[in-house]
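The values are calculated or read from the model by the stated rules, or taken from the named source; none is laboratory data. What you are looking at is a predicted structure, and each value in this text was computed from that prediction instead of being measured. Please note: Cβ atoms are built from the backbone with ideal geometry, for glycine as well, and neighbour counts cover all protein chains shown. What goes into the accessible areas is simple: the full protein's heavy atoms, side chains included, and nothing from ligands, DNA or RNA. Shrake-Rupley method; radii C 1.70, N 1.55, O 1.52, S 1.80 Å.
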Amino acid sequence: RRPGLPKHTGNMAAVVAPSAILTTRVVAPKARAARTLKATAFKGAKLAQPKLAVKRAVSTKAVADSKISTDEVLKTIADKWEDTENKSAVITYVAGGAALVWLSGTVVGAINSIPILPKVMELVGLGYSTWFVYRYVLYKDSRKELVEQFDALKNKVSGEF
């Protein structure tokens, strides 16, 4: 590399040398004839960059009839709050839940910063998912067993035995 020339990074369409230095033209592998090139200055050398056509897409969003109004939800929450006898316990649980979410995010961030551990965790997750599909989803009898276990857990949590 000659002094004064930039390092080749990315997909540059062409490198045009200053008039005192003669260099060969470097063409990107996917350069198309339909693109027009625009030259810009970069530390004494000129880089030709492709000018890409801007495509504009129009998107539409379907709006469904909402059966739940925000006023109704807020009124229900206010009624439940007024009916709550031990408000300090509810506040403590909410604050504890928020702290737990923050703490778990911090732990996941710390684990993610260890070099090999994220890939190992991905492999563990892939292995567990494969086992779960084989154990509970692949066969009809095991799917019925999974539904029964889920219903039992749902009844246990909701208080119905």
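A few points about this structure:
- Derived scalar couplings ³J(HN,Hα) [the stretch 93-105; Karplus, 6.51 cos²θ - 1.76 cosθ + 1.60; whole Hz; x for Gly, Pro]: 5, 5, 5, x, x, 5, 5, 5, 5, 4, 5, 5, x
- Qualifying GluC sites (Glu not before Pro) in the stretch 85-150, DSSP loop, other Cβ atoms within 10 Å at most 15: Glu85
- Rolling a 1.4 Å probe over the heavy atoms of the protein chains gives the stretch 69-161 an accessible area of 89 Å² per residue.
- The solvent-accessible area of Ile77, taken with every protein chain present and a 1.4 Å probe, is close to 100 Å².
- Segment Glu72-Ser88, length gained on full extension (0.36 nm per residue, minus Cα span): 3.3 nm
- Shape call, the stretch 79-145: gyration tensor on alpha carbons, a/c limit 1.5: oblate
- Multiplying the residue separation of Val157 and Leu100 by 0.36 nm and removing their Cα-Cα distance gives an extension gain of 18.4 nm.
- Taking every protein chain into account, the 1.4 Å probe leaves Asp151 with about 60 Å² of accessible area, to the nearest ten.
- Nitroxide proxy distance, nm - points 7 Å out along Cα→Cβ at Trp81 and Phe132: 3.6 nm
- Cα-Cα over 32 Å, subset of Lys67/Lys154; Lys75/Lys154; Lys119/Lys154; Lys67/Lys156; Lys80/Lys140: Lys119/Lys154; Lys80/Lys140
- For the stretch 73-88, backbone phi angles converted through the Karplus equation (6.51, -1.76, 1.60; θ = phi - 60°) give residue-by-residue couplings of 5, 5, 5, 5, 5, 5, 5, 5, 5, 5, 7, 6, 7, 10, 5, 5 Hz, Gly and Pro being listed as x.
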